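Asks: Just dropping this structure here.
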Amino acid sequence: MSINNNKQVTNKSGPLVKEMQKRFSEFIKTNADQFDEEDIKRISEDDFFVKRFLISRKRNVDSAFKMMIETLKWIKREDFRRLKPNHFPSEFYTIGVLFDYEPDLEGNFTIYIRVKYILRCGPMVPHAIKWASKFFYDLDVKLQGAFYTVLIDFQGCGVKNAEFEFIWHAINIMRTYLPACLKQILVIDMPKIFKFGWLIVKQLVPESERSILKFISRQQLFDFIDPKNVPEFLGGSCTRPCQGPLMVPKGCPTAIEYGLSKGVPLDQCLKVAKIYEPIIKEQNLYKMVDKDEDFVSRVESELKCRSEGKPLEKSSLTVEQPGQDSLQSV
């Protein structure tokens, strides 16, 4: 299937793109330190990157220029160009809360958000949001102007998943910093208990553009995507991995290791581990953990042994790396 792409710069937008580029070349004479050198070069060479801000701001040059400047500052501030995927915990990848997948019937790329895996994990929330930001930035670079469809799946959700900050942030990133490529948002099987939180998220989409929001049931999904391109957990037949060790970049730390390295107190790291314990056992993420065992108690005991220099027969803090028989240990 061909990929739906909107990268063409029309005669209508061409002069405005040139005006934006000229204005930027003047702006950086005194503000170059606010941007990455690669992005400065990109503005002069990639007309579509400039055009997308004009599209988002209905060809208002002043508004589009301001939006573009804020985006370039954001890219440098977050240091996305140098931040490696394996900077983040392996759990962020293996759980399968956020991933890109096969195209829909219109040829748009698809991005899935599985709300059942968004839990209130306290001190790790800012780091999860940073990871999601990096995910969207990298994907945007990869897609090079192609449209995409976002699917937000509420299957298996309850009150414990009422954490809309992650969803709010994801939509805000796409609309504020990576505009003009979001084609539609398919909200699948949203329970009534989430409707108030969704009203807050919906405010990110201007009323004139809310036709991109479509609330559908699982049975209606195949009206938008061929079953062969839908993951199995949504009733499709595609076997391309979307969670598990094959999703983990080589060299990722575990969440506990990552949390401790970022100054998150041990007791808070253990609380986060407790929150995610059911998912850890469901996916057998830590292969040496018995599914009937208290994972957090074992981790706490292991960390105590390590601090006292006692030898360990087995390590519970291990995550399988893709394509490897050995395990990475904290």
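Values in this text are rule-based calculations from the coordinates and carry no lab data. Everything numeric here is computed off the predicted structure, so don't read it as measured data. All Cβ positions, glycine included, derive from the backbone under ideal geometry; neighbour counts span all protein chains shown.
Asks: Per residue of segment 243-252, in order, report the coupling 6.51 cos²θ - 1.76 cosθ + 1.60 (Karplus, θ = phi - 60°) as ³J(HN,Hα) in whole Hz, putting x for Gly and Pro.
Replies: Values, residue by residue: 7, x, x, 5, 8, 8, x, 5, x, 5 Hz.
Asks: How many nm is it between the label spots at K250 and K12, if each spot is 7 Å from the Cα in line with the beta carbon?
Replies: Here the answer is 4.9 nm between the modelled labels.
Asks: Counting other beta carbons within 10 Å of each Cβ, put V17, V159 in order, fewest first.
Replies: Numbers: V17 22, V159 8.
Sorted ascending by nearby Cβ count, the order is V159, V17.
Asks: Which lysines does K84 reach when only Cα atoms under 25 Å apart count, and residues fewer than 8 places away in its own chain are ignored?
Replies: By straight Cα distance, K84 reaches K41, K73, K76, K130, K134, K142, K250, K262.
Asks: If amide hydrogens are placed 1.01 Å from N in the peptide plane, which non-local residues have theirs closer than 5 Å to the one on F99?
Replies: Correct list: Y112.
Asks: Continuing with this model, one more query. With an 8 Å cut-off on Cα pairs and a minimum separation of 6 or more residues, tell me the relative contact order of segment 45-123 in percent.
Replies: In percent, rounded to a whole number, it is 15.
Asks: Please work out the Cα center distance from segment 228-249 to segment 44-122, rounded to the nearest Å.
Replies: Each part's Cα centre sits 21 Å from the other's.
Asks: Starting from the amide H of I225, placed 1.01 Å from N in the peptide plane, find each other amide H under 5 Å away whose residue is 5 or more places distant or on another chain.
Replies: Distant-sequence amide H within range of I225: L105.
Asks: Hey, another quick one. Shape of segment 72-181 from its Cα gyration tensor (a ≥ b ≥ c, root eigenvalues): rounded if a/c is under 1.5, otherwise prolate when a/b > b/c, or oblate?
Replies: It is oblate, given that a/c is not under 1.5 and a/b is not larger than b/c.
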